[in-house]
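Notes follow the structure.
Just so it is clear, none of the values below were taken in a lab; they were calculated from the coordinates. On a predicted model such as this, the values are computed, not experimentally measured, just so you know. Cβ sites come from the backbone with ideal geometry, for glycine too, and all protein chains shown count toward neighbours.
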Amino acid sequence: MDIFKWIERELKPKVCNSVEFFYDEMDSQSDYSLPIIYRPFDASKRSHWRDRGSLFDYLFSTEGEGKKLLDFGPGDGWPSLIVAPFVDEVVGVDGSPHRVEICTENAKHMGISNVKFIYVEPGTLLPFQDNSFDGVMAASSIEQTPDPKVTLQELYRVLRSGGHLRIGYEDLGRYRNGQEREAHLDKIDDHMCRLTLYDRHIDQEFARMYKIALSMSREEIIKFFSENGDSLSFDLITIPLLEKVCSTITETLLCSLTHPSGKTFVSWLKEVGFREVVPSHSGAWFAEQLFAQYSDEDRPRDIDAIDSILRPLVKIVVQMAAPISVNPMITAIK
Ligand SMILES: C[S@@+](CC[C@H](N)C(=O)[O-])C[C@H]1O[C@@H](n2cnc3c(N)ncnc32)[C@H](O)[C@@H]1O
């Protein structure tokens, strides 16, 4: 029998949305790694250049400079908090009350006052009038909502006519070839762990995730599932072994998400009414390529110098149409 069918039949998981499954319980959903928000900018790091590339991507693709932007699903406050210094106002809406708290704290400790974060219950309409925003950013968040197409309709509604929506999305295609099914183990404390199993259906554009809470230590679980004490992989998790630890399982959750491919996003964006939909190159990707062009000695060392190089180039890059398979970034114009 398929392991996921067994889990559903025997463990009767509680069905929940992505906020209950992931986002509401994390203190940082980026593991405190975000440049500027959590760490000082470090010009020697490729990921920090990538972050500046993303900032100018969202700023220019939304034509948001000096304007009022919506950030849908900001997580730890990204990209709201890095974009904020360049715009008039940012409103971040998140379906997790805890994420809203964290974003608000981050804004406070960064001394940013032109951003506010608002909670919106998943599956409900956005608490804004039609045509409220000049631009909308959504970074890896639309596919986390209960109905991504309804989310796109809402983003269309609150965007003003002529406004730009920029979306970045998680393309399930990157998990092809062996990562469709995955296992992750997280320690809750010395006596509790959570095992998360991923069941990705790339071509059908959805993923199911199961989270099993076990009252066992991390070491006990690894020893139990893996004879030689190796780290855990999906292949090691079998029905007979799960049957043996059944009495230690305290809770099982199930979250199903639709993950539209780029092609589906493009057709949905057109269906909800956007007059122009353009998959384009990504500023983040471009900034990484630029980083790699410099030797360690020649690479600019301060953020202002890097910004002045990236700004005009990213402005052009994000307008360049790209094949949908190249970058998971799309601009849609109302
Ligand atoms: C993968 S995270 C992305 C966070 C951030 N934009 C980034 O790129 O680092 C997804 C975010 O979407 C939020 N989210 C999930 N469902 C939502 C919903 N129905 N409405 C608003 N936000 C939602 C989550 O709470 C989380 O903050």
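Bridging of LYS14 to aspartates and glutamates at a Cα separation below 13 Å is possible for GLU251, once same-chain residues fewer than 8 apart are set aside.
Across the range 178-304, C-alpha contacts under 8 Å between residues 6 or more apart give a mean separation that, scaled by the residue count, equals a relative contact order of 20 percent.
Projecting label points 7 angstrom from Cα along Cα→Cβ for ARG301 and SER30 puts them 2.5 nm apart. Packing, taken as the mean count of other beta carbons within 10 Å per residue, orders the peptides 43-50, 91-98 from highest to lowest as 91-98, 43-50. Past the 29 Å Cα-Cα mark, which pairs from LYS108/LYS263; LYS68/LYS270; LYS5/LYS244; LYS68/LYS108? Exceeds cut-off: LYS108/LYS263.
Computed extension gain for GLU276 through ASP2, at 0.36 nm per residue and net of the alpha carbon distance, reaches 94.3 nm.
FRET efficiency for the ASP190 to SER308 pair, using the beta carbon distance and R₀ = 41 Å, is estimated at 0.25.
Taking amide H as placed 1.01 Å from N in the peptide plane, SER96 has its amide H under 5 Å from the amide H of VAL120, each at least 5 places away in sequence or on another chain.
In the range 234-334, a dipole from Cβ-located charges (positive for Lys and Arg, negative for Asp and Glu) runs towards its positive end, and of PHE274, VAL326, SER256 it is PHE274 whose Cα lies farthest in that direction.
Given R0 = 51 Å, the distance between the Cβ atoms of ASN114 and ARG174 translates into a calculated FRET efficiency of 0.90. If R0 equals 35 Å, the separation of the Cβ atoms of ILE316 and LYS45 corresponds to a calculated FRET efficiency of about 0.90. Phi angles across the range 315-327 convert, under the Karplus curve 6.51 cos²θ - 1.76 cosθ + 1.60 with θ = phi - 60°, into 3J(HN,Hα) values of 4, 7, 4, 6, 8, 8, 4, 10, x, 4, 7, 7, 9 Hz, Gly and Pro given as x. Using just the helices of the chain, give the 222 nm mean residue ellipticity in deg cm²/dmol: DSSP H runs with n ≥ 4 each add -39,500 (n - 2.57), and the total is spread over all residues, rounded to 500. It comes out at -9000 deg cm²/dmol, rounded to the nearest 500.
Amide H contacts of ASN131 (H built 1.01 Å from N, in plane; Pro and chain starts excluded): VAL158, LEU159 sit under 5 Å, all sequence-distant by 5 or more or on other chains.
Working from Cα pairs under 8 Å separated by at least six residues, relative contact order for the range 95-172 is 30 percent.
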